[in-house]
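The block underneath contains the structure these notes are about, expressed in structure tokens.
The values are calculated or read from the model by the stated rules, or taken from the named source; none is laboratory data. Worth saying up front: this structure is predicted, and the values here are computed from it rather than measured. Reconstructed Cβ throughout: ideal geometry from the backbone, glycine too, with neighbour counts over all protein chains shown.
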Amino acid sequence: MKESCPIREGAGRHPEALALTFAGWSWTYAELDGGVGRWVAALRSRGVGPGDRVVVLSTNHAALVHLFLALGRLGAVMAPLNARLTPSELRPLAEEVAPRLTLALTPLRSHLPGAEPLESFADAVHEASSECPPLETEAPRVILFTSGTTGRPKGAVLTEGNFRASARCSEANLGAHPAPRWLGTLPLFHVGGLAMLTRTAYDGGCLVLRERFDADDTNRALDAEGVTHASFVATTLERVLDSRRDRPVPPTFRCALIGGGPVPAPLLARAKAAGIVSLQTYGLTETCSQAATEHPGEADGHTAGRALPGLEVRVVGPSGEPLEVGREGDIEVRGPTVMAGYLNRPEATREVLRDGWLRTKDLGRLDERGRLTVLARRTDLILRGGENVYPAEVEKVLADHPAVREVAVVGLPDAHWGEVPVAFVVMREGALSQELFGEWCRERLARFKLPSRFLEIEALPRNAMGKVERTVLRQRARDA
């Protein structure tokens, strides 16, 4: 099956509609179509064609949007690298991609030797190419490297069909909107950021792109720029509410997708009071963003919701057998958003893709309504005296305490129990009290799930993708 460029389609249907805004600039569909055409001509002049790969190092920027869309018209592949990585971390990733061309924002060019300036790459081209052939749904579009918290980063290959299906499935869950305006604060080197870009293009909407997240700026966008959708994690949602002093959002705002793990119940209540419909999600790079998401009419903050329409989520046992409702096991996902595989890693691909099912290596359970509760990465599971302790479950209880800003739970080796849970707590106010938190947890958790210690920490260590570095916390727990 072949698909045409959504910007070219939009330029034909609604040429004057806004497609992109960034840093005080804006592009209609007609203007963006012409701009992408110039990028196509510039790339073509450098020999970039079908199947070629282009490495790019950039924070969010309008030039990155133009590059992504132009590469799609050429049938070429974009490999955006994490702008927060060090040169020594970036080098092996770029080498693995083996690019035809390497681009970087000028302030980042020193991190990638040989990179050409991204923002001025197409400036010398004045004649736009009209080239815009249909693209096969199986054609690779992007190589996104996983965060590497459990080993060497792997390049997930996502196709045109993956992004199309992700947009279609998300719209089926959230409900159609005549012209959605997504606030793009997630980085475009992250699957969540690219999903917002492609979603707005396929849905005929506008990407309100920001270089980075800022709570005050986010509120200005909500209040004055007609933003209808946004994506947050618990900490950024809280900062938005703090910044606006819980003032209600305009009725134009439809909903916020919440990723990154469980959200404290008091925070969800604050968001609801401010008119923010907060939908918890579960997704991976390998599933092109969301795999499961709460439905706007059913959101209660207790689960990550059901599989998106068109996708399947199941929980299986040790031998791969599907488990009944309520049983805890390995989460697997099947559907048109699942990646094609890992770049240059056939063994790793075979390990995670079996009979069309993606083995996520996450643990969870389904309820009677098909809603998914995510419990832990298998590598984060704590085995205490033969009982499974899921960090997410303990973290949710502690996060609901009004004095807690953030929390992470890890396992510590123990001579008697094998492992015991240790909680690292970022306090919102006051001093950490072993007795207070111990009592709070005893009222809400079985005895074997209780943390053996509560350790106060100024901030949770996170990797360049913002994920908690549990290996660092385990070492700190041992040192303590």
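Structure values in brief
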item	result
Condition met for R8 (touching a residue at least 12 places away in the same chain (Cβ under 8 Å), surrounded by fewer than 20 Cβ atoms within 10 Å (Cβ to Cβ) and assigned to a helix (DSSP H, G or I))	yes
Number of positions in the range 280-306 that are among the hydroxyl-bearing types (S, T, Y) and not in a strand (DSSP E or B)	3
Long-range neighbours under 6 Å by Cβ, at least six apart or interchain, first residue in contact (Cβ under 8 Å) with a residue 12 or more places away in the chain within the range 152-170, second among the acidic types (D, E) and assigned to a helix (DSSP H, G or I)	A156/E286
Residue under evaluation D223, criteria (1) under 15 Å from L257 (Cβ atoms); (2) in a helix (DSSP H, G or I); (3) at pLDDT 95 or above, criterion not met	(1)
Count of residues meeting criterion [surrounded by 15 or more Cβ atoms within 10 Å (Cβ to Cβ) and outside any loop (DSSP other than H, G, I, E, B)] in the range 170-187	8
Any hit, the range 248-259, residues being in contact with a helix residue (DSSP H, G or I) (Cβ under 7 Å, 6 or more places away or on another chain) and surrounded by fewer than 15 Cβ atoms within 10 Å (Cβ to Cβ)	yes
Options L74, L81, L93, L85; residue that is touching a residue at least 12 places away in the same chain (Cβ under 8 Å), surrounded by fewer than 24 Cβ atoms within 10 Å (Cβ to Cβ) and touching a strand residue (DSSP E or B) at 6+ places or on another chain (Cβ under 6 Å)	L93
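Quick grid of which residues meet (1) free of Cβ contacts under 8 Å to residues at least 40 places away in the same chain; (2) farther than 19 Å from P262 by Cα; (3) not assigned by TED's automatic domain parsing to the domain that holds A392; (4) not in a strand (DSSP E or B):
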| position | (1), (2), (3), (4) |
| --- | --- |
| L445 | no, no, no, yes |
| P451 | no, no, no, yes |
| L455 | yes, yes, no, no |
| G466 | no, no, no, yes |
| T471 | no, yes, no, yes |
| R474 | no, yes, no, yes |
